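To start, the structure under review is shown below, and the notes come after it.
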Amino acid sequence: MQFIKYCMLFLVFIASALIGKYISQKYKFRVDELEEIKNALNIFKSKIKFTYEPIPEIFKQISENTNKNVSKLFSNAVEKMQTDSAGVAFEKSVDEYSGNLNIEDKQAVKSLSKLLRNNR
């Protein structure tokens, strides 16, 4: 009987450790994605300031030079810019983004779309 108690205690301990590791990984991936988006937006800012390239070209370059999830965000925005303005396209791509960001993070990133209004 004592052996069964210790086995169950051990299983609860292992399960708790695995759940904690899963949750911490999710937060780590979220922070990594936010940092990657921040770096991408800094590149965007620099290119707008110094090169005067069109927004779709800049987004395409950013999508080629970032990691997989953030790359999808910017490449999706480039595709949507064919029919919508830059602000609307970026906002739609953030809404469709399926990364590790929560709702507040998406709202913060979407605030950039207000600056891109009326641009193609």
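The values are calculated or read from the model by the stated rules, or taken from the named source; none is laboratory data. These numbers come from a predicted model, not from an experiment. Note that we place each Cβ from the backbone using ideal geometry, even for glycine, and neighbour counts take in every protein chain shown.
Check whether at least one residue in the stretch 86-98 is acidic (Asp, Glu), out of contact with any helix residue (DSSP H, G or I) (no Cβ under 9 Å at 6 or more places or on another chain) and assigned to a helix (DSSP H, G or I), and report yes or no.
Looking only at the stretch 86-98, we keep the residues that are acidic (Asp, Glu), and these are 91, 95-96.
Still in the running and out of contact with any helix residue (DSSP H, G or I) (no Cβ under 9 Å at 6 or more places or on another chain): none.
Looking through the stretch 86-98, none of the residues is acidic (Asp, Glu), out of contact with any helix residue (DSSP H, G or I) (no Cβ under 9 Å at 6 or more places or on another chain) and assigned to a helix (DSSP H, G or I).
Anything in the stretch 17-45 that is among the acidic types (Asp, Glu) and exposed (fewer than 14 other Cβ atoms within 10 Å of the Cβ)? List them, or say none.
Hit for the stretch 17-45 is GLU35, nothing else.
Residues SER63, SER71: which one is part of a helix (DSSP H, G or I) and farther than 21 Å from GLN25 by Cα?
Values: SER71 fails: farther than 21 Å from GLN25 by Cα.
Checking each option against the conditions leaves just SER63.
One residue is enough: does the stretch 58-75 have a residue meeting the conditions in contact with a helix residue (DSSP H, G or I) (Cβ under 7 Å, 6 or more places away or on another chain), among the basic types (Lys, Arg) and within 23 Å of SER98 (Cα to Cα)? Give the steps one after another, and end with the answer.
Residues of the stretch 58-75 in contact with a helix residue (DSSP H, G or I) (Cβ under 7 Å, 6 or more places away or on another chain): 58-60, 62-63, 66-67, 69-71, 73-75.
After this cut, where a residue has to be among the basic types (Lys, Arg) as well, the list is 60.
Okay, now just the ones that are also within 23 Å of SER98 (Cα to Cα), so 60.
The answer is yes, given that some residue of the stretch 58-75 is in contact with a helix residue (DSSP H, G or I) (Cβ under 7 Å, 6 or more places away or on another chain), among the basic types (Lys, Arg) and within 23 Å of SER98 (Cα to Cα).
Within the stretch 99-120, track down each residue that is under 21 Å from ILE48 (Cα atoms) and either among the aromatic types (Phe, Trp, Tyr) or assigned to a loop (DSSP other than H, G, I, E, B) (or both).
Filtering the stretch 99-120 for residues under 21 Å from ILE48 (Cα atoms) gives 108-120.
Within the stretch 99-120, LEU116, ARG117, ASN118, ASN119, ARG120 qualify.
Looking at the stretch 1-60, which of the residues that are under 15 Å from the mean Cα position of the chain (by Cα) and among the aromatic types (Phe, Trp, Tyr) is nearest to VAL78 (Cα to Cα)?
Checking each candidate, the answer is PHE59.
Answer yes or no as to whether ILE37 is among the β-branched types (Val, Ile, Thr), touching a residue at least 60 places away in the same chain (Cβ under 8 Å) and in a helix (DSSP H, G or I).
Details: among the β-branched types (Val, Ile, Thr): yes; touching a residue at least 60 places away in the same chain (Cβ under 8 Å): yes; in a helix (DSSP H, G or I): yes.
Here the answer is yes, as ILE37 does meet what is asked.
Checking the conditions here, which among LEU101, LEU73 is modelled with pLDDT of 90 or more, among the hydrophobic types (A, V, I, L, M, F, W, C) and under 11 Å from the mean Cα position of the chain (by Cα)? Before you say what the answer is, go through the steps one by one.
Details: LEU101 fails: modelled with pLDDT of 90 or more.
None of the other options fit; the residue is LEU73.
Which of the residues spanning the stretch 74-85 are farther than 11 Å from LEU112 by Cβ, of a type outside the set (Phe, Trp, Tyr) and assigned to a helix (DSSP H, G or I)?
SER75, ASN76, VAL78, GLU79, LYS80
Being touching a Phe, Trp or Tyr at 6+ places or on another chain (Cβ under 6 Å) and crowded, with 20+ Cβ neighbours inside 10 Å, is that true of even one residue in the stretch 66-75? Let's see the steps before the verdict.
Filtering the stretch 66-75 for residues touching a Phe, Trp or Tyr at 6+ places or on another chain (Cβ under 6 Å) gives 73-74.
Checking the rest, the ones that are also crowded, with 20+ Cβ neighbours inside 10 Å come to 73-74.
Checked the stretch 66-75: at least one residue is touching a Phe, Trp or Tyr at 6+ places or on another chain (Cβ under 6 Å) and crowded, with 20+ Cβ neighbours inside 10 Å.
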